[in-house]
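Heads up: the structure comes next, in structure tokens.
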Amino acid sequence: MKATWWKISAVILLIYTVIGGLLFWVPRLAIVNETIRNLYFHVPMWFGMISLFGASSWYAIKYLRNPRVEHDIYSVQFAHVGFAYGMLGIFTGMLWAQYAWGTWWHGDPKQNGAAITLLLYSAFFVLRASIENEDQRARLSAIYNIFAFVAMIPLLFVIPRMQDSLHPGSGGNPGFNMYDLDNSMRMVFYPACIGWILLGFWIASTRIRIKLIEEKYFG
Amino acid sequence: MKKLLSILVLTIGVVTAFAQQQEPEMADTMRSNGKIYVVVAVILIVLVGLFIYLFAIDKKVRNLEKKIEDNR
């Protein structure tokens with residue numbers, strides 16, 4: 001937790017993302033035009049959210065195997081930052097949809113799936129807040145956490161691909177077919193994803209450390 | 001002659017229309033006059049500022065952890 005190399009890599013990768021993302025060549029496509037650059041900022045939010053929710057349910061499983069309060073703290077704080085990433089993902093997506101599709105909320109399968117995912121995780125926080133007994137709260141929310149993560153996968157990756165959708169990567173086309181035309185975007189896209197994910201884990205680790213101190217003194 | 005000229009004009013018209021279709025509009029003006037660098041610089045200032053802030057919070061937490069260690 002004290003090592004700083006990965007925090008410094010997050011800084012370097014994100015500075016590179018902004019410079020490369022705004023200045024490097026991108027394909028000239030109709031409708032999306034210059035907004036194709038949103039790929040470097042909107043999509044990594046979801047990748048970050050999935051990684052953080054993944055870490056969250058990993059610690060939920062760890063808690064169920066070995067009920068230590070630290071596992072519960074890790075699990076909840078990862079979920080918090082993941083939720084923040086998801087909100088940023090949905091707002092950036094709405095803004096992009098307004099320009100590319102013509103409405104803020106298109107009711108697209110991908111958009112609805114993302115919204116349901118966020119609602120599932122809001123229910124996670126509501127569940128936690130409604131249980132007073134600490135052990136019970138940790139155990140029940142750990143179980144629900146695993147359910148929410150498993151439910152997220154079909155909502156984001158299966159259902160949107162089975163229906164027609166305006167969103168790239170949906171309606172049968174796997175992944176980023178639309179952008180696969182050129183490798184120059186991948187040169188920025190992959191580092192951007194890693195950078196944003198690392199930033200999420202950085203913020204989460206700081207939250208975890210604060211909570212661990214709180215637990216030690218006031219728990 | 002008149003026929004030939006009209007064909008030529010029409011061909012040029014069609015060709016330019018196609019060219020416009022094949023070249024979707026991008027922020028080329030912003031790139032050519034260098035204003036894009038202003039945007040990049042502003043975003044970088046905000047980003048680096050937030051990173052410094054995050055490192056400062058990190059340091060505060062570390063100091064707190066150290067204080068707790070020493071008090072034991």
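The values are calculated or read from the model by the stated rules, or taken from the named source; none is laboratory data. Computed from a prediction, not measured in an experiment: that's the story for all the values here. Backbone-built Cβ (ideal geometry, glycine too); neighbour counts: all protein chains shown.
List of remarks:
- Yes/no for A:Tyr74 being under 18 Å from A:His42 (Cα atoms), in contact (Cβ under 8 Å) with a residue 12 or more places away in the chain, part of a helix (DSSP H, G or I) and hydroxyl-bearing (Ser, Thr, Tyr): no
- Residue identified as in contact with a Pro (Cβ under 9 Å, 6 or more places away or on another chain) and closer than 23 Å to A:Gly86 by Cα among A:Leu13, A:Leu29: A:Leu13
For every residue, the table says whether it meets (1) surrounded by 15 or more Cβ atoms within 10 Å (Cβ to Cβ); (2) modelled with pLDDT of 95 or more; (3) in a loop (DSSP other than H, G, I, E, B).
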position: A:Ala97; (1), (2), (3): yes, no, no
position: A:Trp105; (1), (2), (3): no, no, yes
position: A:Thr117; (1), (2), (3): yes, yes, no
position: A:Ser122; (1), (2), (3): no, yes, no
position: A:Ala148; (1), (2), (3): yes, yes, no
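- Test result for A:Phe201, within 25 Å of A:Thr17 (Cα to Cα), assigned to a helix (DSSP H, G or I) and modelled with pLDDT under 95: no
- Selection within region A:20-39: residues that are assigned to a helix (DSSP H, G or I) and facing chain B (nearest Cβ under 7 Å). The member of this set that is modelled with the lowest pLDDT is A:Asn33.
- If you go through region B:25-47 and keep only what is out of contact with any Asp or Glu (no Cβ under 7 Å at 6 or more places or on another chain) and within 7 Å of another protein chain (Cβ to nearest Cβ), you end up with B:Glu25, B:Ile36, B:Val39, B:Val40, B:Ile43, B:Leu44, B:Leu47.
- Yes/no for A:Ile50 being within 11 Å of another protein chain (Cβ to nearest Cβ) and either of a type outside the set (Phe, Trp, Tyr) or more than 23 Å from A:Ala79 (Cα to Cα) (or both): no
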